[in-house]
Every structure is written in C-alpha cells, then in structure tokens.
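What follows is a short report on a single structure.
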Amino acid sequence: AQSVTQLDSHVSVSEGTPVLLRCNYSSSYSPSLFWYVQHPNKGLQLLLKYTSAATLVKGINGFEAEFKKSETSFHLTKPSAHMSDAAEYFCVVSDQRAAGNKLTFGGGTRVLVKP
Amino acid sequence: GAGVSQTPSNKVTEKGKYVELRCDPISGHTALYWYRQSLGQGPEFLIYFQGTGAADDSGLPNDRFFAVRPEGSVSTLKIQRTERGDSAVYLCASSPQPASGIETQYFGPGTRLLVL
C-alpha cells in the first residue's frame, strides 16, 4: 500500500520569497513521485517527477524537489514566489513495479502569494 | 496538440438519476484513468483501462459505478441511482503505452457533478 502526507494544508508567502511545500510518502516498493499543480478551473498540470534517476529534480516554472529516501520525503521548493504560483499543489506517489501506474494523491497544499 | 477533454464540464442532476460522463484522451494514448476529487481533497483513483479492457477497477466505490472504453479511445463513466455523496469533480487522465510506474498522466479539466 502507498500513501502521501502533505504536511501543510495552506501556505502563505510574499511575492519574491522562497516557497517550501512539504511531502512525506509511504510505499512498499520503488516509488515514483510527482508534484502536480491545479489552478482554479483548470486541469492538473505536472510540475516534475522523480523516477529513480537524479534525486534532485528540476521542473517547470523554477520549481524543484529533492527525493530523500532516508526521510521518505519529497519536498517542493521554489527560490522566489510569483503571483502566478497561487494554486493548489499535490504530491503524488505511484509504484514503479506495479502495472497500471495508479496514482495516490496527498490532500493538497493551497498556496497564497501576497503582493 | 489537443489535450484530454471531458464533457460536460458541469452536470447537475437529481438524486436517483443516471448520468454519463465522457472522456476523450490524447490521441494515441492507450492508458486511460478515472479519478474522483471531492471538495477539499486530493483526487482518488477509480479505474484504469489499458486499451479496451478495465485492467484495475479497484477504486470504484460500489456497483452503481461503471465505466467503458469500447474502442480503446473514448471512455464513459456511468453512475446509476446517483446519491448526494457522488457530488465531486470527476477527472480523466491518459498516458502513452506502456503504462508503468514512471509514465506521466495527462489530466483533463474534469466534470463537476452536483447531485441535488
């Protein structure tokens, strides 16, 4: 069984300051890990994914995440927040050894960016 | 190119009615998924198709829910005798073959279902 815990349901940052979204996962096998973003009334968009190559993963729009197996974490960061980053973010896990790639989502973190 | 599309974008129905939700995946994608997102929560897996067959339907909550993909492209999620608790956003996603633990899933905008 696999699960994801997003440690913060809401994060508020000022424009231009760093963003940190925390994620811990549980997986019996070799996990793939993803971060998706959901803007209001829009579909989920992939920010980045980890699939057992480099542990530091760079994604779109300046986001990156680091896979830490010892801590079972996959935190998402961005050095400088932009107003357009206001959205909901989901940490997601899947099992690389299972056929079908069923995704398990965390509960989401809503990001508010203050001017 | 065109992404995943879902119709209708919104559906309002009365308790006890039957509804159908449609998903058009990205052309050439053989894997198709349905998820359900309740208010304030992350999406939850419902069912996965590889080609025409349902390879994993373990997420369907009960036998009122059924999905088909007869020609390996468009899929329809069918809900019988709708209940107020079925109100949610229903998301469809597709990915290229072969579907594995590393493939990216591309999501549609969802169908927002409200059962009165």
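The values are calculated or read from the model by the stated rules, or taken from the named source; none is laboratory data. Just so it is clear, the structure is predicted and the values come from calculations on it, not from any experiment. We place every Cβ from the backbone using ideal geometry, glycine too, and count neighbours over all the protein chains shown. With ligands, DNA and RNA removed, areas are computed over all heavy atoms of the protein, side chains included. Shrake-Rupley method; radii C 1.70, N 1.55, O 1.52, S 1.80 Å.
Any idea what diffusion coefficient chain A gets from Stokes-Einstein, in µm²/s, Kirkwood Rh on alpha carbon pairs, 4 °C, 1.567 mPa s?
Values: Rh = 14.2 Å.
Stokes-Einstein gives a translational diffusion coefficient of 91 µm²/s.
I need the P(r) histogram for the stretch A:15-63: all alpha carbon pairs, bin width 10 Å from 0 out to the longest distance, whole percents.
In order of increasing distance, the bins hold 19, 50, 27, 4 percent.
At a probe of 1.4 Å, how much accessible area disappears from chains B and A on forming the pair, both sides counted, to the nearest 100 Å²? Show your work: numbers first, answer last.
Working: alone 6270 and 6340 Å², together 11000 Å².
When B and A are taken together, about 1600 Å² of accessible area is lost.
Which one of A:28, A:14, B:38 has its Cα pushed farthest toward the positive end of the charge dipole of the protein assembly as shown, where Lys and Arg give +1 and Asp and Glu give -1 at the Cβ?
Farthest along the dipole direction, towards plus: B:38.
Using label points projected 7 Å from each Cα along Cα→Cβ, tell me how many nm separate residue B:63 and residue A:77, to one decimal.
Result for the modelled spin labels: 5.3 nm.
Considering only DSSP states other than H, G, I, E and B, which GluC sites (Glu not before Pro) in the stretch A:20-71 qualify as loop sites with at most 13 other Cβ atoms within 10 Å? Provide the component values of the computation, followed by the final result.
Working: sites: A:64, A:66, A:71; in loops: A:71.
Sparse-neighbourhood loop GluC sites (Glu not before Pro): A:71.
Would you compute, for the Cα atoms of the protein assembly as shown, the largest minus smallest coordinate along each principal axis and list the three values in descending order, in whole Å?
The Cα atoms of the protein assembly as shown stretch 49, 39, 34 Å along the principal axes, largest first.
Return one quarter of the surface area of the convex hull spanned by the alpha-carbon atoms of the stretch B:49-116, equal to its mean projected area, in nm². Let's see the in-between values first.
On the way: hull surface 20.5 nm².
Result: a mean projected hull area of 5.1 nm².
Taking only the C-alpha atoms, wrap a convex hull around chain B and report its volume per residue in Å³ as a whole number. Intermediate values should be presented prior to the final figure.
Details: hull volume 11.3 nm³, N = 116.
It is 97 Å³ per residue.
What whole number of Å gives the distance from the Cα centroid of the stretch A:2-71 to the Cα centroid of the stretch B:6-76?
For the stretch B:6-76 versus the stretch A:2-71, the Cα centre distance is 25 Å.
Sequence neighbours fewer than 8 away in the same chain don't count; with that in mind, list the lysines whose C-alpha is under 18 Å from residue A:42.
B:11
What does the average come to when, for each residue of peptide B:36-48, you count the partner chain Cβ atoms lying within 10 Å of its Cβ? Before the final figure, lay out each step's value.
Values: counts 0, 5, 0, 0, 5, 4, 15, 9, 3, 6, 1, 1, 5.
The mean count of partner-chain Cβ atoms within 10 Å per residue comes to 4.
Let me know the mean shielding of B:50-62 by other chains, meaning the per-residue number of their Cβ atoms within 10 Å of its Cβ. Display every interim value, and only then the final one.
Details: counts 2, 0, 0, 0, 0, 3, 5, 0, 2, 1, 0, 0, 0.
Mean partner shielding for this stretch: 1.
Tell me which lysines have Cα within less than 20 Å of residue A:68's Cα, excluding those fewer than 8 residues away on the same chain?
List returned: A:49, A:58, A:78.
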